[in-house]
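> Okay, handing you the structure first.
The values are calculated or read from the model by the stated rules, or taken from the named source; none is laboratory data. Everything numeric in this text was worked out from a predicted model, so none of it was measured. Reconstructed Cβ throughout: ideal geometry from the backbone, glycine too, with neighbour counts over all protein chains shown. Surface accessibility is based on the protein's heavy atoms, side chains included, excluding ligands, DNA and RNA. Shrake-Rupley method; radii C 1.70, N 1.55, O 1.52, S 1.80 Å.
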Amino acid sequence: MPYSLEHKQQTRDRIVNSARRLFNRKGFTEVTIDQIMRQAGLTHGGFYKHFDSKEQLYALAIRQFLCAQAPDRWQRRHVDRCAQGQVLAQMIVNAYLSRDHLEDREGSCPLVALPSDVARGGKAVKTAFRQVLDNMVTIFSANLTGPQADELALALVAMCVGAMVVARAVDNAGLADRFRDAAREHVMTATGWGLGPAACGPAGTAASVSHQDGRDGPQA
């Protein structure tokens with residue numbers, strides 16, 4: 001009896017989710033199809049029923065970050081999905097530069113986890129990477145005013161992503177925190193997003209720019 005379309009889609013989603021986490025942890029070249037399928041609880045032979053190549057899967061794994069129905073923990077902890085406007089923008093900055101995001105290597109944003117692999121990848125991979133980047137720039141730009149809003153949004157995204165890449169690379173936790181804190185401070189100052197009333201996070205607690213209990217942003 002052939003599998004239903006729903007079953008096939010669920011299987012495909014399992015493979016993409018498995019791939020995204022492995023790619024984030026190890027990078028494109030170090031991850032094999034066998035490892036991806038094994039983590040998804042499937043056999044190697046089923047891979048080519050869903051994908052033409054590992055690079056196609058890589059592009060889909062990057063794009064999944066935008067489409068995930070269940071956000072990763074570092075996003076759920078800091079972002080109220082019902083928030084809008086500058087409140088949402090502030091939450092995104094706090095989430096992106098949080099220690100939760102820094103430590104969640106498997107669920108990380110691909111802009112932080114995969115830039116060097118993407119630079120060596122093909123057109124499909126680079127297109128998927130750019131879509132994630134465009135989405136972040138669009139959210140920032142929509143909540144800025146003035147003739148230079150687009151340019152400022154580009155600079156702020158570069159600051160957030162760059163701070164996280166450097167924080168991941170250094171071997172000193174205190175220095176990593178300083179990079180994240182400095183980036184957050186400059187983003188909030190440049191935008192004014194941190195000057196208004198503190199936003200309410202998912203648990204109804206203040207999503208202020210300050211740290212609480214050694215972690216960033218709202219506490220679950």
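> Taking the chain, how much of its Cα-Cα pair set, in percent, is spaced more than 22 angstrom apart?
Working: 12880 of 24090 pairs.
Percentage above 22 Å: 53.
> Spin-label point model (7 Å from Cα, Cβ direction): what's the residue 151 to residue 116 distance in nm?
3.2 nm
> In the chain, what percent of the accessible surface is made up of carbon and sulfur (1.4 Å probe, ligands and nucleic acids excluded)? Before the final figure, lay out each step's value.
Values: 6180 of 11440 Å².
Accessible surface attributable to carbon and sulfur in the chain totals 54 percent.
> Enumerate the aspartates and glutamates that residue 123 could reach by cross-link, defined here as Cα to Cα under 18 Å, with residues fewer than 8 away along the same chain left out.
52, 55, 134
> Continuing with the same structure: Could you check the spin-label model distance between residue 44 and residue 66? Points 7 Å from the Cα along Cα→Cβ, value in nm.
3.4 nm
> Let me ask you something else. Using Cα pairs closer than 8 Å and at least 6 residues apart in sequence, work out the relative contact order for the chain, in percent.
Working: 261 pairs, mean separation 49.6, N = 220.
That works out to 23 percent.
> Specify whether the C-alpha gyration tensor of region 80-154 places it in the rounded, prolate or oblate class, a ≥ b ≥ c being the square roots of the eigenvalues: rounded for a/c under 1.5, otherwise prolate if a/b is larger than b/c and oblate if not. Don't skip to the end; give the middle numbers.
On the way: a/c = 2.40, a/b = 1.29, b/c = 1.86.
Oblate is the answer for region 80-154, as a/c is 1.5 or above yet b/c matches or exceeds a/b.
> Treat each spin label as a single point 7 Å out from the Cα along the C-beta direction, and report the residue 9 to residue 103 distance in nm.
3.6 nm
> May I pose another question? Evaluate Rg over Rh across region 131-189, taking Cα atoms for both radii and Kirkwood's formula for Rh. Write out the running numbers ahead of the final one.
Values: Rg = 12.7 Å, Rh = 12.1 Å.
Rg/Rh for region 131-189 comes to 1.05.
> Using a cut-off of 19 Å between alpha-carbon atoms, which lysines can reach residue 126, once sequence neighbours fewer than 8 places away in the same chain are excluded?
Leaving aside lysines fewer than 8 places away in the same chain, those within reach of residue 126 are 26, 54.
> By how many degrees, 0 to 90 and rounded to 10, does the Cα axis of helix 5-26 deviate from the longest principal axis of the chain?
Helix 5-26 and the main axis of the chain meet at about 60 degrees.
> Using only Cα atoms and rounding to the nearest 10 degrees, what angle (0 to 90) does helix 123-142 make with the longest principal axis of the chain?
For 123-142 against the chain, the angle is about 30 degrees.
> If you take the C-alpha gyration tensor of region 1-94, multiply each eigenvalue by 5 and take the square root, what semi-axes do you get, largest first, in whole Å? Could the numbers behind the result be given before it?
Working: eigenvalues 178, 54, 21 Å².
Each semi-axis is the square root of five times an eigenvalue, giving 30, 16, 10 Å.
> Helix 173-191 against the longest principal axis of the chain: what's the angle in degrees, Cα atoms only, rounded to the nearest 10?
So the inclination is approximately 70 degrees.
> Before I look further, what does the chain give for accessible area per residue, probe 1.4 Å, in whole square angstrom? Don't jump to the answer; show the numbers that get you there.
Values: 11440 Å² over 220 residues.
Accessible area per residue: 52 Å².
> Still on this model: Can you tell me the length gained on complete extension of the stretch residue 166 to residue 73, counting 0.36 nm per residue apart and subtracting the Cα distance? Walk me through the intermediate numbers first.
Numbers: separation 93, 0.36 × 93 = 33.48 nm, distance 2.16 nm.
Taking 0.36 nm per residue and subtracting the Cα distance, the gain is 31.3 nm.
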